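Everything below concerns the one structure shown next.
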Amino acid sequence: MKQKRVISLFLAAAVGFGVIAGALTSCKDKKEEKRTKLIVGFDAEFPPYGYKNEEGEYVGFDLSLAEEVCKRNGWELVKQPIDWDSKDMELKTGSIDCIWNGFTVTGRESSYTWSTPYVDNSQVTVVLADSGIESLDDLADKVVAVQADSAALAAFESEDATEENKAYAASFKELQQVPNYNTAFLNLESGAVNAICMDYGVAKYEIEARGSKFVMLEKPVSTEQYAVGFLKGNYELRDEVQKTLIEMLDDGTFAQIAKDWELSDSVCLSADDTVLDGSTKKTESFSDKMLRICKQLLKGVGASLLIFALTLIFSLPLGLLIAFGRMSRFKPLSLLMKLYISIVRGTPLMLQLLVVFFGPHFIFGVSTSSEYRFYAVVIGFTLNYAAYFAEIYRSGIQAVPVGQYEAADILGYTRQQRFVRIVFPQMIKNIIPSITNEVITLVKDTSLAFAISYTEMFTLAKQVAAAEATIIPLFVAGVFYYVFNFIVAFVMSAIEKKLEYFR
Amino acid sequence: MDLLEIKGLKKSFGELEVLKGIDLSVAENEVVSILGPSGSGKSTFLRCISMLEKPDEGSMVYCGKQAAHFEGGKMLYAPNSELKEIKSYFGLVFQNFNLFPHYSVLKNLTDAPVHVQKRSKAEVEQEAYALLEKMGLRDKANAYPHQLSGGQQQRVAIARALAMKPKMLFFDEPTSALDPELTAEILKVLRALADEQMTMVIVTHEIGFARSVSDKVIFMDGGVIVEQGAPSDVIDNPSNDRTRAFLKKMEEK
């Protein structure tokens, strides 16, 4: 046994080294070779700069520009859609060469090596046309949505935010971070948020696409500029791209592409602009940083634990009821439960969360409140886990030998007594290993609450990681989940041991 | 008075007719053994009179109370409250013991008397200890079933049935899951019960035991009673060829 463990550890280590070594060599190769391709990272849900069109292709103003740049340099363009929160990680690991996607310079001057700005954009506010909201002043005590790690968020919360905007942010009931603009508009339409702050170009595009239900407030939150962002210090690539862009400006190609995307009003590329190279940030000791990040994540830990605890409290009994329904001799009930279990197990939990959160509005026309977000998470998780628990209970009950039922019947137990006194204790023993598996999965699944923008541990870690341009929060999150599950496994094995008194 | 009166009991599983009309009456203090080859229907018969299976036809009377009879093409059962009363008249000991694994030996004996019969816990426990004493298992009161041998488990199962104070006991091949040594252990217990005038119906393959302990022996084959009577008649001087063939086969074993 022990020997086996040593061997498997050794094997795991060997595989690990192999992967790392392979990765290192491939990195080295990349540096030595002449550039043959340009990997552009973009948020695929950011029209008109970069998005998926009706034919399923990635298109957009920025991607057209990138395509032209690549053509002129003889590079192959690789369009790499990325999770916006992870853009710094992607850039650092070299999995993308640049971020070219309506990338706001304002507030991020020192974090990247930049091309000159080519689009002047402003952050504007979108509200429902019939909401009666006319200015930012009307948004006091209202919920305002911004994309996680977006320029709009920076305009309200970053160190560089104006005093006026900071005051506005303080007056809001909540500044709700959402993963993408589609979610933001679903939230706005359902009433879960009252306004969205976003880039002018995107707002214009979204309002045109979604119709007259939405309007833009006149006064912008801030003005800002877009440029191509490169890894800090990657002047070589920046200069090449920059040079090509200026060539395109000189021969009119740039203006033509802007016209094609109806962005002629916003472009501002000029050969005279200075380029920003990024300066080093003020330094902070590693332990201070770690401590600060842990403190930031603490709020999310509470949220994750709450989801976890409430889900278990509600889904464990609910699962038993569903199992009873599933095993009922009343056919319609049994079929209904079978269908329920089949649907819940056959569709992603993330989708179920979206349905629970947005369903009340889009199916029943009920306006949802911001508080409902948390309830929706708990309801969604409970409904999902109850279905899994129901099947575990069912298998646990069916594993109790028929002789136990017969012995109980001969001794005169009622059906209820038979279940409570004879079947249930044996079922519990049968199902503990399966329950342990589910509970451990639940710990990790709590991170799916991000689907409806509920800020639990992992969502927060991603946001902090993006804002600080470091992977430390993700590492801390990983440690948290591991420790949490270690405790879960310990508790469950203690229960299992406790039940070893019978066989 | 007859404690058990069964008439014309029939039972089919799908197309297969397992019981083709069985009559049996058991008087108080009588010990009846049911013999027969595998598939003769003897276990199904015992399960029917224990109400674990529902017969298709026939009438069943326990201690003068009718539990079920056949009328107008279907079985009619007594009301539930009466059935509950009737079920308390008999106990059943299984081939596989079917002890409750999560209960200690003592709790296996006391749980039903306390929670089903609502008797006082102190009184029930006292009786349970006495029963265990009688079974030679006084020191196993706090053990769990998996810690016991097969013979010990079956003795606990018999004690569990007795703790309910039934008027009669049914045994479904009580020694078939045991090796010869442990079989002797259980047969000794059954013999002691017979000596105490316990009314018993025993489905068994132990011919020698049946001969020495039974007041009446029934030989079943093919879903019917082929022969019945005193052991000296049925076992020592069988009149039927099928009985003779079965006994001969059992001897060869």
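The values are calculated or read from the model by the stated rules, or taken from the named source; none is laboratory data. If you're wondering where the values come from, they're calculated on a predicted model, not measured in any experiment. Glycine also receives a Cβ, built like all others from the backbone with ideal geometry; neighbour counts cover every protein chain displayed.
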Quick check on the range A:461-475. Is at least one of its residues out of contact with any Leu (no Cβ under 9 Å at 6 or more places or on another chain), farther than 12 Å from A:Asp85 by Cα and not basic (Lys, Arg)?
yes
When you go through A:Ala140, A:Ala148, A:Ala169, A:Ala129 one by one, which is the residue that is within 18 Å of A:Thr223 (Cα to Cα), touching a residue at least 12 places away in the same chain (Cβ under 8 Å), touching a Phe, Trp or Tyr at 6+ places or on another chain (Cβ under 8 Å) and outside the structural domain of A:Ser110 (by TED's automatic domain parsing)?
A:Ala169
Pairs only if they're at least six apart or on different chains, beta carbon under 6 angstrom, first in the range A:92-108 and more than 18 Å from A:Ile471 (Cβ to Cβ), second in a loop (DSSP other than H, G, I, E, B) and among the acidic types (Asp, Glu); list them, first residue then second.
A:Asn101/A:Asp43; A:Gly107/A:Asp160
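Being of a type outside the set (Asp, Glu), surrounded by fewer than 16 Cβ atoms within 10 Å (Cβ to Cβ) and over 16 Å from the mean Cα position of the chain (by Cα) is true for just one of B:Ser59, B:Ser25, B:Ser38, B:Ser104. Which residue is that? Walk me through it before giving the result.
Details: B:Ser59 fails: surrounded by fewer than 16 Cβ atoms within 10 Å (Cβ to Cβ); B:Ser25 fails: over 16 Å from the mean Cα position of the chain (by Cα); B:Ser104 fails: surrounded by fewer than 16 Cβ atoms within 10 Å (Cβ to Cβ).
Within the list B:Ser59, B:Ser25, B:Ser38, B:Ser104, the selection yields B:Ser38.
Please tell me if A:Gly396 is more than 40 Å from the chain's Cα centre (by Cα) and within 14 Å of chain B (Cβ to nearest Cβ).
On the way: more than 40 Å from the chain's Cα centre (by Cα): no; within 14 Å of chain B (Cβ to nearest Cβ): yes.
It is false that A:Gly396 is more than 40 Å from the chain's Cα centre (by Cα) and within 14 Å of chain B (Cβ to nearest Cβ).
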Single unsatisfied condition, A:Gln225 versus (1) touching a Leu at 6+ places or on another chain (Cβ under 7 Å); (2) over 21 Å from A:Gly132 (Cα atoms); (3) crowded, with 20+ Cβ neighbours inside 10 Å
(1)
Residue count for the range B:91-119, restricted to those that are facing chain A (nearest Cβ under 9 Å), charged (D, E, K, R) and on the phi > 0 side of the Ramachandran plot:
0
When every residue in the range A:104-127 that is modelled with pLDDT under 90 and within 15 Å of A:Ala203 (Cβ to Cβ) is compared, the one surrounded by the most Cβ atoms within 10 Å (Cβ to Cβ) is A:Asn121
Give me the pairs: first residue in the range A:177-202 and assigned by TED's automatic domain parsing to the domain that holds A:Thr455, second residue assigned to a strand (DSSP E or B), beta-carbon distance under 9 Å, and six or more apart or on different chains, which are they?
none
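Would you say B:Ser212 is surrounded by fewer than 19 Cβ atoms within 10 Å (Cβ to Cβ) and touching a residue at least 24 places away in the same chain (Cβ under 8 Å)? Step through it out loud before you land on a result.
Values: surrounded by fewer than 19 Cβ atoms within 10 Å (Cβ to Cβ): yes; touching a residue at least 24 places away in the same chain (Cβ under 8 Å): no.
Here the answer is no, as B:Ser212 does not meet what is asked.
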Condition (residue is surrounded by 14 or more Cβ atoms within 10 Å (Cβ to Cβ), among the polar types (S, T, N, Q) and within 24 Å of B:Val156 (Cα to Cα)) applied to the range B:230-247: is it met by at least one residue?
no
Scanning for something at the interface with chain B (Cβ under 10 Å from one of its Cβ atoms), touching a His at 6+ places or on another chain (Cβ under 7 Å) and modelled with pLDDT of 95 or more, does the range A:426-448 turn up at least one residue?
yes
Find the residue count for the range A:410-423, including only residues that are within 8 Å of another protein chain (Cβ to nearest Cβ) and touching a Phe, Trp or Tyr at 6+ places or on another chain (Cβ under 8 Å).
2
Could you grab the pairs with beta carbons closer than 9 Å, sequence gap of 6+ or different chains, first residue in the range A:66-87 and among the acidic types (Asp, Glu), second one assigned to a loop (DSSP other than H, G, I, E, B)?
A:Glu76/A:Thr36; A:Asp83/A:Asp43; A:Asp83/A:Pro179; A:Asp85/A:Ala148; A:Asp85/A:Asp149; A:Asp85/A:Pro179
For the range B:64-72, check the following and say yes or no: at least one residue is modelled with pLDDT under 95, in a helix (DSSP H, G or I) and either on the phi < 0 side of the Ramachandran plot or not β-branched (Val, Ile, Thr) (or both).
no
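Specify which of the listed residues (A:Lys204, A:Lys289, A:Lys213, A:Lys299) is of a type in the set (Lys, Arg), within 29 Å of the chain's Cα centre (by Cα) and modelled with pLDDT of 85 or more.
A:Lys213
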Across the range A:476-503, what is the total count of residues that are within 14 Å of chain B (Cβ to nearest Cβ) and closer than 30 Å to A:Lys295 by Cβ?
0
Which one of A:Lys299, A:Lys338 is more than 22 Å from A:Glu438 (Cβ to Cβ) and not small (Gly, Ala, Ser)?
A:Lys299
Sole exception among (1) buried (at least 22 other Cβ atoms within 10 Å of the Cβ); (2) modelled with pLDDT of 95 or more for B:Ala143, by number
(1)
Subset of the range A:110-152 (residues that are among the polar types (S, T, N, Q) and assigned to a loop (DSSP other than H, G, I, E, B)):
A:Ser110, A:Ser111, A:Ser115, A:Thr116, A:Ser131, A:Ser135, A:Ser150
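Quick one: would you say A:Ala407 is within 13 Å of chain B (Cβ to nearest Cβ), among the hydrophobic types (A, V, I, L, M, F, W, C) and assigned to a helix (DSSP H, G or I)?
Working: within 13 Å of chain B (Cβ to nearest Cβ): yes; among the hydrophobic types (A, V, I, L, M, F, W, C): yes; assigned to a helix (DSSP H, G or I): yes.
Taking the combined requirement at face value, the residue satisfies it.
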What number of residues in the range A:202-225 are under 11 Å from A:Val127 (Cα atoms) and of a type in the set (Lys, Arg)?
1
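Would you point out which residue out of A:Asp273, A:Asp250 is modelled with pLDDT of 85 or more, of a type in the set (Asp, Glu) and outside the structural domain of A:Phe374 (by TED's automatic domain parsing)? Spell out how you get there, then give the answer.
Details: A:Asp273 fails: modelled with pLDDT of 85 or more.
Exactly one of A:Asp273, A:Asp250 is modelled with pLDDT of 85 or more, of a type in the set (Asp, Glu) and outside the structural domain of A:Phe374 (by TED's automatic domain parsing), namely A:Asp250.
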Hey, B:Ser88 within 11 Å of chain A (Cβ to nearest Cβ), more than 22 Å from the chain's Cα centre (by Cα) and surrounded by fewer than 21 Cβ atoms within 10 Å (Cβ to Cβ) or not
no
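For the range A:401-411, which positions are surrounded by fewer than 19 Cβ atoms within 10 Å (Cβ to Cβ) and in contact (Cβ under 8 Å) with a residue 12 or more places away in the chain?
Start the filter on the range A:401-411 by keeping residues that are surrounded by fewer than 19 Cβ atoms within 10 Å (Cβ to Cβ), which leaves A:401-406, A:409.
Those that are surrounded by fewer than 19 Cβ atoms within 10 Å (Cβ to Cβ) and in contact (Cβ under 8 Å) with a residue 12 or more places away in the chain: A:Gln404, A:Tyr405.
Let's see how each residue does on (1) within 14 Å of another protein chain (Cβ to nearest Cβ); (2) modelled with pLDDT of 95 or more; (3) touching a Leu at 6+ places or on another chain (Cβ under 8 Å); (4) in a helix (DSSP H, G or I):
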| position | (1), (2), (3), (4) |
| --- | --- |
| B:Gln153 | yes, yes, yes, yes |
| B:Ala157 | yes, yes, yes, yes |
| B:Pro166 | yes, yes, no, no |
| B:Ala184 | no, no, no, yes |
| B:Lys188 | no, no, no, yes |
| B:Met200 | no, yes, yes, no |
| B:His205 | no, no, yes, no |
